[in-house]
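Scroll down for the structure; my scribbles are underneath it.
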Amino acid sequence: MGRTSDARERLMEAAYDLIWEHSYGAVTIDAICERAGVKKGSFYYFFDSKSELAVAAIDAWWVERKVLIDEMFRPEVPPLERLRNYLDFISLRQVKSYEESGQVLGCPLFTLGTEICTQDEHIRARIHEILACLGRYFEGAIIEAQAAGEIEGRNAVAKARFLVAYSAGTLTRARIENNVEPLRNLAADAFELIGAHPAPVAA
């Protein structure tokens, strides 16, 4: 099993990677244990089911991702720059994955959520909570940008929800097509759709 102290973490990491690379339904507990280097009997010491492991893996991923998002969305960073930094981050991560593995993997939350949401309420609810939290980051930046005259209109909540849906939808399209081209101008296209007017970049 390896050291008990890190077996749980290795199971979560293996589950996250395998589900993202393939699908929740296609990944077995045996495959997760093999990837993690953990005996199957030990799996049930930590988790009652694959569903419980999936939620734990999502939570662990979100803890790490939230640290990065908090840095991107620091109050002193201009609001449109916050949004651009995040959109550039997720698109570049997909390009890197494609260059390394030949696969565009898309958004892990939407990939798992769209597959399992009608079958597992625990997973659905956790993904919904995380997406709502991400939307609040977007909403705060949009409100500030609107106050500065950098985004047209009002209804920051709707614009934030649209931005979450558009970015995840574009990642999903790129996964289906296994093509990074839809991601090349993710931030610019998203800004155009929400009526953002970023300042020209200095020469």
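The values are calculated or read from the model by the stated rules, or taken from the named source; none is laboratory data. Given the structure is predicted, the values throughout are model-derived calculations rather than measurements. Using ideal geometry, Cβ is built from the backbone for each residue, glycine included, and neighbour counts are taken over all protein chains shown.
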Given the criterion out of contact with any Cys (no Cβ under 8 Å at 6 or more places or on another chain) and in a helix (DSSP H, G or I), identify the matching residue among Leu134, Leu171. Leu134
Can Leu53 be described as under 26 Å from Glu181 (Cβ atoms) and either within 16 Å of the chain's Cα centre (by Cα) or among the hydrophobic types (A, V, I, L, M, F, W, C) (or both)? no
Which numbered condition trips up Ala168, out of (1) more than 20 Å from Lys66 (Cα to Cα); (2) at pLDDT below 95? (1)
I'd like the full set of residues that are under 19 Å from Ala54 (Cβ atoms), free of Cβ contacts under 8 Å to residues at least 60 places away in the same chain and either basic (Lys, Arg) or touching a Ser or Thr at 6+ places or on another chain (Cβ under 6 Å) (or both), limited to region 119-172. Arg124
How many of the residues making up region 4-49 are over 24 Å from the mean Cα position of the chain (by Cα) and not in a helix (DSSP H, G or I)? 4
Could you please let me know if Ser97 is part of a helix (DSSP H, G or I), under 13 Å from the mean Cα position of the chain (by Cα) and not acidic (Asp, Glu)? no
Can you confirm whether Leu109 is in contact (Cβ under 8 Å) with a residue 24 or more places away in the chain and touching a Pro at 6+ places or on another chain (Cβ under 8 Å)? no
For Glu76, which of the numbered conditions (1) in a helix (DSSP H, G or I); (2) of a type in the set (Asp, Glu); (3) without any contact (Cβ under 8 Å) to a residue 12 or more places away in the chain fails to hold? (1)
Would you say Ala60 is within 21 Å of His128 (Cα to Cα), under 13 Å from the mean Cα position of the chain (by Cα) and of a type in the set (Gly, Ala, Ser)? yes
Selected residue (only one of Tyr86, Tyr45 is over 20 Å from Leu11 (Cα atoms) and among the hydroxyl-bearing types (Ser, Thr, Tyr)): Tyr86
Search region 75-94 for residues being surrounded by fewer than 14 Cβ atoms within 10 Å (Cβ to Cβ) and within 28 Å of Ala54 (Cα to Cα), and hand back the single one that is farthest from the chain's Cα centre (by Cα). Leu92
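Considering every residue within region 46-62, establish whether at least one is among the β-branched types (Val, Ile, Thr), within 24 Å of Cys33 (Cα to Cα) and surrounded by fewer than 17 Cβ atoms within 10 Å (Cβ to Cβ).
If we filter region 46-62 for residues that are among the β-branched types (Val, Ile, Thr), which is where we start, we get 55, 58.
Restricting the remaining residues to those that are within 24 Å of Cys33 (Cα to Cα) gives 55, 58.
Within this subset, residues satisfying the condition of being surrounded by fewer than 17 Cβ atoms within 10 Å (Cβ to Cβ) are none.
No, every residue in region 46-62 fails to be among the β-branched types (Val, Ile, Thr), within 24 Å of Cys33 (Cα to Cα) and surrounded by fewer than 17 Cβ atoms within 10 Å (Cβ to Cβ).
For region 99-110, does any single residue satisfy the condition of being of a type outside the set (A, V, I, L, M, F, W, C), closer than 24 Å to Glu152 by Cβ and surrounded by fewer than 16 Cβ atoms within 10 Å (Cβ to Cβ)? Before you say what the answer is, go through the steps one by one.
Step one: list which residues in region 99-110 are of a type outside the set (A, V, I, L, M, F, W, C), which gives 99-103, 106, 108.
Subsequent filtering for residues that are closer than 24 Å to Glu152 by Cβ retains none.
Within region 99-110, not a single residue is of a type outside the set (A, V, I, L, M, F, W, C), closer than 24 Å to Glu152 by Cβ and surrounded by fewer than 16 Cβ atoms within 10 Å (Cβ to Cβ).
Working only within region 100-127, note down all residues that are of a type in the set (D, E, K, R) and part of a helix (DSSP H, G or I). Give the derivation first.
First, the residues of region 100-127 that are of a type in the set (D, E, K, R): 100, 115, 120-121, 124, 126.
Listed by number, the residues that qualify are Glu100, Glu115, Glu121, Arg124, Arg126.
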